[in-house]
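Have a look at the structure below, then the notes.
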Amino acid sequence: MRRGRAGSGATLTPERESALRERPQLAPDVQVHEPIADDAPWVVQRGSQQYIRVGADMARLLRALDGERDRPGLVDTLGAPWTEEAVERAVESLRKMRLLEDGQPHRSGNTWFKFVPPLTFQFTVVKPERMLAALVPLLRLVANRGGAVLAAVLALGGVLSLAFQAPQLRHALGAPLPLGVLFGVACASVVATALHEMGHGAVLTHHGGRPSRMGVMLFYLTPAFFCDVSDGWRLPHREQRVQVALAGVVTQMVIAGSVALGASVVGAASGESGLRDGMLVFAVSTYVTGLLNLLPLVKLDGYIALMTHLDISHLRDRTMTDARRFLAKVLFGGRYVRELPALRWSVPFGLASMLFPVYLIATAFTLWLDILQGIGLIGATLVLVGVAYLAYRLFNGARLLVREARAAGARMWRVCVVALVVTAGAGATLTTVTVPYTVTGGYVVEDGRATLVLSDAADLDAVTPGTQVTLYRRGMVTRTETGTATVGQGPAEKDVAPLSAFVPVREGDSLPVPAVRLPLSVTAKAPDDSIGTARVAAGDRSLGEWLYLSYIAPAAR
């Protein structure tokens, strides 16, 4: 392994630039890694994450770029097949790839913090190489056919166990859980995610690679763990790299299956219990996150595995480029070159990769919007941040689309006409399409008297006497209708309400939060639960008004 020498840190003078071009040398953050096996490739590493596979002849050239040899000297050192012309072309290509010293001041990279565009912040907690190397003997015991069979039995057995526990599972997902159980599920999920990342690093270590960093990150503002296994590009076989990519999901599935089987044992021993409910919720959430990790349309494990299997670097970015160029050609005309012409499905895959993150965020909003808006200004602000990010992605996508069109020779008048048509169509949709508008809150029954409770971010103007209200028992995932009511006569009063009216926790009765109370007239028998979720039917609104009232206005109230 050879590292380029650090730059002088001085201002680049014409003499210095001439010397660097005459006697090139590697940049200080570039390393040349020898093959880790007989059939493994030579790999050039730039920085902490960029890995480039090269042939043996190119590796010899890179190792010879020490700043002491000019081109004739390099040819004398390297011999065939290198010539001065070939060296000249290779050096210029390496310079464009920013692998050569350029004479500019160099700052040592911060290995404890890394920003990954567009919205990921990584904080390194530990260098796991030695820790995982100590686990290699244990890995050898399970990294075989018997271990694979055991993992499959646990993962599939857990699914069957959940199917046999379907009634208990419906109850666990659709009813409030004790606060201690929710805390336990959250802690267990953190541990499972950490083990997921350790699974990646452990399999990489088993195959001879070196995981460089492990830590925590904000992934699109969501807390998560990470393990940097970029060194996997040095592995000689695709199958090994695919195994590294999928190791985390396999780990999650085994954990989920084991907990689901354990829940059946707990149920047989103690019957209905909060522990069993928590285990069921944890197993389902772990299975779901594992399956989401397998989807190749976002930069998660499934995508890394697919990219590795196809041996196409930056697969998602390149397919999205093909998709943008396809859209630009249809909308604006022009002549385009495909990034991946040999990949027939690159355009539909790229289109799906553009749309799926939006669908994923919209689905998350659907599941959690009631809870987020129910907890007041903080939840409404989080929703607004998500909406702002979606708007940014939409704007950035449109900007890239227009840039592709202009680069391909599209006429400016056609770009403007299409933009006007799209804007007019969007405006017509937002103003003419109507959707039902609801206000989410909770209800409380005290001494036989029902009260509607709303957060301080709720739309009080839309809640008028006589408005229909539906009452629900809300769980972490599902909800069940338990009754109906109407808003009664009387003024809104600022007061407090139990947390359970907004968040599905069982002990929230003793945790008061600020709220607005309105009288409620139950139209049928009182619901069995004295505290639950309420949804006020506030009539139809245009799509534009509905979007504003649901996602933007709550943060400003």
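The values are calculated or read from the model by the stated rules, or taken from the named source; none is laboratory data. Not measured: the values here are computed from a predicted model. Glycine gets a Cβ as well: all are built from the backbone with ideal geometry, and neighbour counts include every protein chain shown. Ligands, DNA and RNA are excluded from the accessible area calculation, which covers all protein heavy atoms including side chains. Shrake-Rupley method; radii C 1.70, N 1.55, O 1.52, S 1.80 Å.
Before moving on, here are some points about what is shown:
- For Thr438, the residues 5 or more places off, or on other chains, whose built amide H falls under 5 Å of its own are Ala538.
- Stokes-Einstein diffusion coefficient of segment 407-557, Kirkwood radius over Cα pairs, 10 °C, 1.306 mPa s, in µm²/s: 91 µm²/s
- Once the 1.4 Å probe is applied to the protein heavy atoms, the chain comes out at 52 Å² accessible per residue.
- In terms of its alpha-carbon gyration tensor, segment 152-231 comes out oblate; a/c meets the 1.5 threshold, while b/c is at least as large as a/b.
- Computed Rg/Rh of segment 507-557, alpha carbon atoms with Kirkwood Rh: 1.05
- Computed over protein heavy atoms with a 1.4 angstrom probe, the accessible surface ordering of Asp529, Asp228, Asp461, largest first, is Asp461, Asp529, Asp228.
- The mean of 1/r over all pairs of different alpha-carbon atoms in segment 319-477, once inverted, gives a Kirkwood hydrodynamic radius of 19.6 Å.
- The amide H of Val54, built 1.01 Å from its N in the peptide plane, has Trp42, Val43, Val44 as neighbours under 5 Å, considering only residues 5 or more places off or on other chains.
- When the charge dipole of the chain is built from unit charges on Cβ atoms (+1 for Lys and Arg, -1 for Asp and Glu) and taken about the Cα centre, the candidate among Leu291, Val417, Tyr303 whose Cα reaches farthest toward its positive end is Val417.
- Farthest toward positive dipole pole in segment 456-543 [+1 Lys/Arg, -1 Asp/Glu at C-beta], among Pro527, Thr467, Ala457: Pro527
- Taking the C-alpha atoms of segment 467-556, convex hull volume expressed per residue in Å³: 131 Å³
- Taking all protein chains together and rolling a 1.4 Å probe, Leu78 ends up with roughly 20 Å² accessible.
- Calculated mean residue ellipticity at 222 nm for the chain: -16500 deg cm²/dmol, from DSSP H runs with n ≥ 4 weighted as -39500 (n - 2.57), summed, divided by the residue count and rounded to 500.
- Cβ-Cβ FRET estimate between Leu160 and Ser313, R0 fixed at 45 Å, reported to 0.05: 0.70
- Listed by chain and number, the lysines whose C-alpha is less than 20 Å from the C-alpha of Lys299, apart from same-chain residues fewer than 8 away, are Lys114.
- Cβ crowding within 10 Å averaged over residues, with 404-417, 530-543 ranked highest first: 530-543, 404-417
- Just the protein heavy atoms count here, and of the accessible area of segment 408-536 at 1.4 Å, carbon and sulfur take up 58 percent.
- All Cα pairs of the chain, percent lying beyond 34 Å: 56 percent
- Pair-distance profile P(r), taking every C-alpha pair of segment 113-182, with 5 angstrom steps and integer %: 3, 11, 9, 9, 10, 11, 17, 21, 8, 0
- Kirkwood radius, segment 41-87, all distinct C-alpha pairs, inverse of mean reciprocal distance: 11.5 Å.
- Solvent-accessible surface of protein heavy atoms, probed at 1.4 angstrom with all chains present, puts Ile255, Ile304 in the order Ile304, Ile255, largest first.
- Computed accessible area, Arg238, all protein chains, 1.4 angstrom probe, square angstrom: 110 Å²
- Relative to one another, the C-alpha centroids of segment 117-148 and segment 38-63 are positioned 24 Å apart.
- Ranked by solvent-accessible area (1.4 Å probe, protein heavy atoms only, all chains present), the residues Lys127, Lys494 order from largest to smallest as Lys494, Lys127.
- The convex hull around the C-alpha trace of segment 404-482, projected and averaged over every direction, spans 10.3 square nanometres.
- Bridgeable lysines around Lys494 (alpha carbons under 28 Å apart, same-chain partners fewer than 8 residues away excluded): Lys525.
- For segment 112-246: rounded, prolate or oblate by the Cα gyration tensor [a/c cutoff 1.5]: oblate
- Around the Cα centre of segment 44-84, unit charges on the Cβ atoms of Lys, Arg, Asp and Glu (plus for the first two, minus for the last two) sum to a dipole of about 260 debye.
- Degrees between helix 145-164 axis and first principal axis of the chain (Cα, 0 to 90, nearest 10): 20 degrees
- C-alpha long axis of helix 412-432 to longest principal axis of the chain, angle in °: 20 degrees
- Gyration tensor (alpha-carbon) shape descriptor, segment 307-360, a/c threshold 1.5: oblate
- Relative packing of peptides 312-318, 172-178 - highest average C-beta neighbours within 10 Å first: 172-178, 312-318
- Both radii were evaluated on the Cα set of segment 474-514; the Rg over Rh quotient, with Rh as the Kirkwood radius, amounts to 1.04.
- Options Met253, Gly334, Trp112, ranked by Cα towards positive dipole end of the chain, top entry (Cβ charges): Gly334
- In sequence order, calculated HN-Hα J values of segment 398-406 (Karplus, 6.51, -1.76, 1.60; Hz; x Gly/Pro): 5, 5, 5, 5, 5, 5, 4, 5, 5
- Coupling constants for segment 537-548 follow from the phi torsions by the Karplus curve (6.51 cos²θ - 1.76 cosθ + 1.60, θ = phi - 60°), and in residue order they are 7, 9, x, 8, 9, 5, 4, x, 5, 4, 4, 5 Hz; glycine and proline get x.
- Within-15-Å neighbourhood charge of Pro128 [Cβ basis; K, R +1; D, E -1]: 0
- Principal semi-axes of the equivalent ellipsoid, √(5λ) from the alpha carbon gyration tensor of segment 230-382, are 38, 25, 11 Å from largest down.
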